[in-house]
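Encoded as structure tokens, the structure appears first; notes follow it.
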Amino acid sequence: MKKKVLWVAIALMMAATWSACSKSDDETTGGGPEIISCPEDTLSNENNELKYISLTRAQMDLVNENNNFAFNLFRQVTSDKSEIVSPISITYALGMLNNGAVGETQKEINKVLGFEKAGADSINAFCRKMLTEAPTLDKLTKVMIANTIYMNKDFELKSDFINKAKTFYDAEPETRDFADGKTRDVINKWGNDHTEGMIPEVLTEEEFSPIAVSYLLNAIYFKGTWAEKFDKNNTKDETFKGYSAEKQVPMMRQEHTFNYMETDDCQALRLPYGNLAYRMTILLPKEGKTINDVLKTMTAETWQNYQIMGRAIVDLKLPRFESKSDVNLKPIMSALGMPKAFNPGLADFSNFCNVPTYIDLMKQVAKIKLNEEGTEAAAVTVFGMEMTALEPSEPQHVQFFANRPFLYVISEYSTGAIFFIGQYMGD
């Protein structure tokens, strides 16, 4: 029997981070130059206590393993151009779909996501924890996580799958006639609405199939505020030294006390948002080193080292930029260890719906915009299936000039969970 098509579209929308000029009293501030004053209507950290996501040791192990997945993923994605992906969006998408997988197909998905020992139930619990608690950590940071499922009227979801989708992901399945000429518009509107307009088109006309079994979507939206803002008056055009060419880019600049560290391969700087529950970590390869040199060393264990930084008074230059990625995840996820899910003869999603299916399409579209006001980023992941340091006593004074290709990571403070990972190459 020929297996049907299941399109699973995960609209990971994502990271709008707007810089605030309010002074934070966390480890990243104190000392340093005078801070620019803010407009009277700017939000502040008053009554905005830093909160934490409380995880068991077993759950922290899951976060670490999922962060390993994030770095493994980006090592496959990285190229000679700017890229951005959201590993946690893929985790949500595969986590929800994994409830429909069985046997070796499910085992492979669990292993790729880093949940090999814990299984699908632990993925559900982790996703539920982040879904309910991540939005509550910072009054200056808006985090929204949403899920939905559109089902073709000719097919039917299994009742247990529906129960888990509702219980763990707040996903309410909706049955539609995919041949009505309106379903693609409905899906795109859902993506647009849950990404604050950042992802206006989840599926193109070529990608949408009226005979598909289902479309499954996950949207993550993040809008934060820099703890320290950039003054637009300090932005000047300067040379960015790309690997293949040099170009002039608008370079933002400020000097302040930030968390900072160095390794043999890179300088690392942490730029916090709001009450510090979320942060961007920038990894700038040293002269003579490349992004690939840095990526080779990145694991969940080394990422933990970057969570403990000393203080430094940093003369910071950071480009104002905008970039977009469109990544075909099917060969990447297959290479990472889940090939059966994409094989019509081997995939087993028999707990998903009333017809046999396999993943025929899996992609992610992402966009980021970084400027003096902060950062805006969005990503959409689409599946298709046919019938987953010690602080010095006094801060040192350093230069951090991001005038060459660099990595950046947007993560949550208390767990270290990676929401976004990207690179800027100057294009």
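The values are calculated or read from the model by the stated rules, or taken from the named source; none is laboratory data. None of these values were measured; they are calculated from a predicted model. Ideal geometry is used to build each Cβ from the backbone, glycine not excepted, and the neighbour counts take in all protein chains shown. Ligands, DNA and RNA are excluded from the accessible area calculation, which covers all protein heavy atoms including side chains. Shrake-Rupley method; radii C 1.70, N 1.55, O 1.52, S 1.80 Å.
Of the listed peptides 352-358, 416-422, what is their order by residue-averaged count of other C-beta atoms within 10 Å, with the highest listed first?
Ranked from most to least packed, the peptides come out as 416-422, 352-358.
Please get the size of the charge dipole for the range 101-175, origin at its Cα centre, with Cβ charges of +1 on Lys and Arg and -1 on Asp and Glu, quoted in debye to the nearest 20. Spell out each step's value before the answer.
Working: 11 positive and 12 negative charges, 53 e Å.
Roughly 260 debye, rounded to the nearest 20.
Could you sort Arg253, Arg176 by accessible area so the largest value comes first, with the probe set to 1.4 Å? Kindly include the intermediate steps, with their values, before the conclusion.
Values: Arg253 90, Arg176 45 Å².
Ranked list, largest accessible area first: Arg253, Arg176.
Quick one: accessible area per residue over the range 327-376, 1.4 Å probe, rounded to a whole number of Å²?
Spelled out: the 1.4 Å probe surface of the range 327-376, per residue, equals 34 Å².
What accessible surface, in Å², does a 1.4 Å probe find on Arg184, ignoring ligands, DNA and RNA and rounding to the nearest 10?
Surface open to solvent at Arg184 totals about 40 Å².
If I take R0 = 56 Å and measure r between the Cβ atoms of Arg253 and Asn354 in this structure, what FRET efficiency does the formula 1/(1 + (r/R0)^6) give, to the nearest 0.05? Intermediate values should be presented prior to the final figure.
On the way: r = 59 Å, r/R0 = 1.06.
So, using R0 = 56 Å, E works out to roughly 0.40.
Where in the range 225-261 are there chymotrypsin sites (Phe, Trp or Tyr not before Pro) that are in a DSSP coil and have at most 12 other Cβ atoms within 10 angstrom of their Cβ?
Sites meeting the loop and neighbour criteria: Tyr243.
Given charges of +1 on the Cβ of Lys and Arg and -1 on the Cβ of Asp and Glu, with all other atoms neutral, how large is the dipole of the range 229-268 about its Cα centre, in debye to the nearest 20?
Values: 6 positive and 8 negative charges, 64 e Å.
Roughly 300 debye, rounded to the nearest 20.
For Ile109, Ile308, give me the order by solvent-accessible area with a 1.4 Å probe, most accessible first, ignoring ligands, DNA and RNA.
On the way: Ile109 0, Ile308 95 Å².
Heavy-atom accessible area, descending, gives Ile308, Ile109.
Rounded if a/c is under 1.5, else prolate if a/b beats b/c, else oblate: with a ≥ b ≥ c from the C-alpha gyration tensor eigenvalues square-rooted, which is the range 113-176?
Note, shape of the range 113-176 comes out oblate.
Please state the charge dipole magnitude for the range 62-214, taken about the Cα centre, from unit charges on C-beta atoms (+1 on K and R, -1 on D and E), reported in debye and rounded to the nearest 20.
Using Cβ point charges on Lys, Arg, Asp and Glu, the range 62-214 gives about 500 debye.
Provide the packing ranking of 299-305, 64-70, i.e. peptides ordered by the mean count of other C-beta atoms within 10 Å per residue, highest first.
Highest-to-lowest ranking by the protection proxy: 64-70, 299-305.
Which percent of the accessible heavy-atom area of the range 205-338 goes to carbon and sulfur, probe 1.4 angstrom?
The value for the range 205-338 is 44 percent carbon and sulfur by accessible area.
Summing +1 for each Lys or Arg and -1 for each Asp or Glu, what net charge is found among the other residues whose Cβ lies under 14 Å from the Cβ of Lys166?
It works out to a net charge of -1.
Per residue, how much accessible surface does the range 113-185 expose to a 1.4 Å probe? Answer in Å², no decimals.
Value for the range 113-185: 47 Å² per residue.
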